[in-house]
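Chemist: Let me begin by handing over the structure; questions about it come next.
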Amino acid sequence: MYKKLITLILMGCIFLTMLSGCSSNPQQTTKNESTEAPTQTSEIRIGCMKGPTAIGMIRLLSESDAGNTTNTYQYTIAGAADELSAALLKGDLDIASVPCNLASVLYNKTDGEILTAAINTLGVLYIVEGGSSIKTISDLAGKTLYSTGQGTTPEYTLRYLLTCAGLDPDKDVTIEYKSEASEVVATLSQHPNAAAMLPQPFVISAMNNNPDLRIALDITKEWEALTQNTVVTGVIVVRKTFLEQNPEAFRTFLTEYQSSAEYANNSVDETAALLEQYDVFKAAIAKKAIPYCNVVFITGKEMKENATAYLQVLYDQNPASIGGNLKEEMFYLEE
């Protein structure tokens, strides 16, 4: 009888232990799943152009494709700014790298839906010549200068510098505009002693075609000497609706973009290879051009001061070039 009692007690203990284990296992599983679950990522649709403003983003695209970014990025590399504009307006892109004046146009067109978050590219324009006669802007007097960008920021930038140097852009200099930079490069090949204003990387392309060409003037340095500000070529914009719904993901993007831009400046050979891999530039051209493309990451007060000063010059020449209004109090994303 005693042995039967002991057996019953032992069986009861085993049964209770089993019940306890069954009731605690689900809690333990839930805790482990919560602790070990992978970090949530946000899918962001980003865009850039086949040009200098893509240089700072190219490492980010590569890292995203390799699965090494916190956010997941869907990206578009457009052939023209109009493609990015249309996608932003339709809500098909969340973030994009666009020309500075276009950012202002989009802000005005959307009543503040497109905000500027960072400057990513400063000046990329240079004056090249086949001789050695051009040392200052004033030396352009009486010369023929080939260029692109009629009716856009290159023209406004050039006219401003000529005017500040005491020259009449319509009388003292003959400016012949071509529809594409490649046409200017071809013209320089046909006229070795000609002068031209070109953006990178077309400067390098022209110099490769004609070893006698030299960079006579850095437009960015000329601008800075006159204005105490700088030329702002490209900026990062974000849709306000996306930002409000995904603030942490956007902050992560900015961190990842900054790292990508720094990589472009510090690892030129590797960045050049990526630019060719993503069909932006040929690596041989990109390798020489990157140091002249002024890839940066500027936010906050410095961004606002430089972009506003540059846009003001454009506005003074043609208000439509920046969308008709310069609303600096609302245009920029504050830090």
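The values are calculated or read from the model by the stated rules, or taken from the named source; none is laboratory data. Keep in mind that this is a model prediction, so the values were computed, not measured. FYI the Cβ positions are ideal-geometry reconstructions off the backbone, even for glycines, and counts take in every protein chain you see.
Chemist: Conditions first: (1) assigned to a loop (DSSP other than H, G, I, E, B); (2) under 23 Å from Tyr315 (Cα atoms). Glu155 passes all but one, so which condition is the exception?
Modeler: Unmet for Glu155, out of (1) assigned to a loop (DSSP other than H, G, I, E, B); (2) under 23 Å from Tyr315 (Cα atoms): (1).
Chemist: For Lys135, are the conditions met, namely being closer than 18 Å to Leu333 by Cα and of a type in the set (Lys, Arg)?
Modeler: The answer is no for Lys135.
Chemist: Sticking with this one: Which of (1) surrounded by fewer than 21 Cβ atoms within 10 Å (Cβ to Cβ); (2) under 22 Å from Ala80 (Cβ atoms); (3) in contact (Cβ under 8 Å) with a residue 12 or more places away in the chain does Leu226 not meet, given it meets every other one?
Modeler: (2)
Chemist: Do we find that Ala264 is of a type in the set (A, V, I, L, M, F, W, C) and surrounded by 15 or more Cβ atoms within 10 Å (Cβ to Cβ) in this structure?
Modeler: Answer is yes for this residue.
Chemist: What residue, of Ala284, Ala309, is in a helix (DSSP H, G or I) and loosely packed, with under 15 Cβ neighbours inside 10 Å?
Modeler: Among Ala284, Ala309, only Ala284 is in a helix (DSSP H, G or I) and loosely packed, with under 15 Cβ neighbours inside 10 Å.
Chemist: Output the qualifying pairs, or none if there are none: Cβ atoms under 7 angstrom, residues six or more apart or on different chains, first residue in the stretch 67-89 and over 12 Å from Ala54 (Cβ atoms) and touching a residue at least 24 places away in the same chain (Cβ under 8 Å), second residue part of a loop (DSSP other than H, G, I, E, B) and among the β-branched types (Val, Ile, Thr).
Modeler: Hits for this filter: Thr70/Thr41; Asn71/Thr41; Thr72/Thr41.
Chemist: List every residue pair whose Cβ atoms sit under 9 Å apart, with the two residues 6 or more apart in sequence or on different chains, where the first one lies in the stretch 185-198 and is farther than 20 Å from Lys135 by Cα and the second, anywhere, is loosely packed, with under 15 Cβ neighbours inside 10 Å and modelled with pLDDT under 90.
Modeler: Sorted first by the residue in the stretch 185-198, then by its partner, the pairs are Val185/Asn209; Ala186/Asn209; Ser189/Asn209.
Chemist: Still on this structure, please answer the following. So, in the stretch 209-229, of the ones that are touching a Gly at 6+ places or on another chain (Cβ under 8 Å) and of a type in the set (Val, Ile, Thr), which residue ends up farthest from Leu140 (Cα to Cα)?
Modeler: Top of the filtered list is Thr220.
Chemist: Cβ-Cβ distance below 6 Å, separation of 6 or more or different chains: which pairs start in the stretch 252-274 with a residue that is charged (D, E, K, R) and end on one that is in a helix (DSSP H, G or I) and at pLDDT 95 or above?
Modeler: Glu256/Leu60
Chemist: Which numbered condition trips up Lys304, out of (1) over 20 Å from Leu254 (Cα atoms); (2) surrounded by 16 or more Cβ atoms within 10 Å (Cβ to Cβ); (3) touching a Phe, Trp or Tyr at 6+ places or on another chain (Cβ under 9 Å)?
Modeler: Lys304 satisfies every listed condition except (1).
Chemist: For the stretch 287-306, how many residues meet the condition of being assigned to a helix (DSSP H, G or I) and touching a helix residue (DSSP H, G or I) at 6+ places or on another chain (Cβ under 6 Å)?
Modeler: Residues in the stretch 287-306 being assigned to a helix (DSSP H, G or I) and touching a helix residue (DSSP H, G or I) at 6+ places or on another chain (Cβ under 6 Å): 4 in total.
Chemist: Scan Glu302, Glu224, Glu256, Glu244 and give me the residue that is acidic (Asp, Glu) and at pLDDT 95 or above.
Modeler: On inspection, the qualifying residue turns out to be Glu256.
Chemist: So, Ile119, is that one at pLDDT 95 or above and part of a helix (DSSP H, G or I) or not?
Modeler: No.
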